[in-house]
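Before any comments, here is the structure.
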Amino acid sequence: MAILENPAIPVTAPAPPSGTHPSSAHHVQWNASLPYAALTYFTDDILEIVLDPDTRFSTSLVFGIVNEFSARCETRAGRVLIDISGITSMENDVARVFGQITATMRVALLGFGPADRVLARFFMRKLDSKNSCIYVEERQQALDFLYLP
C-alpha cells in the first residue's frame, strides 16, 4: 500500500477510517465514454476518470475530459479520482495544464505498482502547491482522501 502526497502540500488531517464517508450519497449521476477514458460523475461531487490501457496522458485528453464534463454540468467537480494505471506516457505540459484546471479541487491518483508510483511522483512534483493531490493504490483510500473536509 503506497501513499504519495504532493510534497508542497502537507495533509494535516489523517484519513478517516474506511467506510466513514457518506456512502448513501455516492450514487452515479452520469457516465460517459471518451476516446481513451471513461468518466463517471457521482451525486456527491466526485468525478472518476478511468484511463484506458496504453493511454498517453495528453493535454488534448485533459481538455476532452473538461469539455465533456462542462457539457453535462453547470459547476466544476470538487473532487476527482483518476485511475492512472492505464497511462503509458505523458506529455510534458499535461501536469501544468491539469494543475491549473484542478487548482481548487481535491485529486486522488489511483495506481497499481511501481511504474504508476513513479509516474504519479513525477506528475505531482509538477503541480502547484495549491493543488491537493495524493497517490494511493487502493480505491477506498482514494475515496477516504476525497471525503476529507
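Check off (1) more than 17 Å from Ile49 (Cα to Cα); (2) assigned to a helix (DSSP H, G or I); (3) touching a residue at least 12 places away in the same chain (Cβ under 8 Å) for Ala115 and give me the number that stays unchecked.
(3)
What strands (runs of 3 or more DSSP E), lying completely within segment 1-67, carry at least 3 residues that are at pLDDT below 85, under 19 Å from Ser132 (Cα atoms) and within 16 Å of the chain's Cα centre (by Cα)?
3-5
Quick one: which residue in Leu81, Leu109 is touching a Cys at 6+ places or on another chain (Cβ under 8 Å), in a strand (DSSP E or B) and of a type in the set (A, V, I, L, M, F, W, C)?
Sole residue among the options that is touching a Cys at 6+ places or on another chain (Cβ under 8 Å), in a strand (DSSP E or B) and of a type in the set (A, V, I, L, M, F, W, C): Leu109.
Check segment 82-103 and report whether any residue there is touching a Phe, Trp or Tyr at 6+ places or on another chain (Cβ under 8 Å), among the small types (Gly, Ala, Ser) and under 18 Å from Gln141 (Cα atoms).
yes
Could you please give the count of residues in segment 126-149 that are in a helix (DSSP H, G or I), closer than 17 Å to Asp116 by Cα and of a type in the set (A, V, I, L, M)?
Summing the residues that are in a helix (DSSP H, G or I), closer than 17 Å to Asp116 by Cα and of a type in the set (A, V, I, L, M) in segment 126-149 gives 1.
Take the residues in segment 39-55 that are touching a strand residue (DSSP E or B) at 6+ places or on another chain (Cβ under 6 Å) and loosely packed, with under 15 Cβ neighbours inside 10 Å, then tell me which one is farthest from Gln141 (Cα to Cα).
For segment 39-55, the residue satisfying everything is Asp54.
Would you mind stating whether Phe112 is within 27 Å of Gln29 (Cβ to Cβ), over 10 Å from the mean Cα position of the chain (by Cα) and among the hydrophobic types (A, V, I, L, M, F, W, C)?
The answer is yes for Phe112.
Could you run through segment 60-83 and say how many residues are touching a residue at least 24 places away in the same chain (Cβ under 8 Å), among the small types (Gly, Ala, Ser) and surrounded by fewer than 15 Cβ atoms within 10 Å (Cβ to Cβ)?
1
Of Phe123, Phe145, which residue is under 14 Å from the mean Cα position of the chain (by Cα) and either over 17 Å from Thr55 (Cβ atoms) or of a type in the set (Asp, Glu) (or both)?
Step by step, each of Phe123, Phe145 is checked, and only Phe145 is under 14 Å from the mean Cα position of the chain (by Cα) and either over 17 Å from Thr55 (Cβ atoms) or of a type in the set (Asp, Glu) (or both).
Give segment 84-135 a look and list any residue that's among the β-branched types (Val, Ile, Thr), more than 18 Å from Ile65 (Cα to Cα) and surrounded by 14 or more Cβ atoms within 10 Å (Cβ to Cβ), or say none.
Ile134
The values are calculated or read from the model by the stated rules, or taken from the named source; none is laboratory data. Model, not experiment: these values are computed from the prediction. Counting neighbours? That spans all protein chains shown, and the Cβs are built from the backbone with ideal geometry, glycine included.
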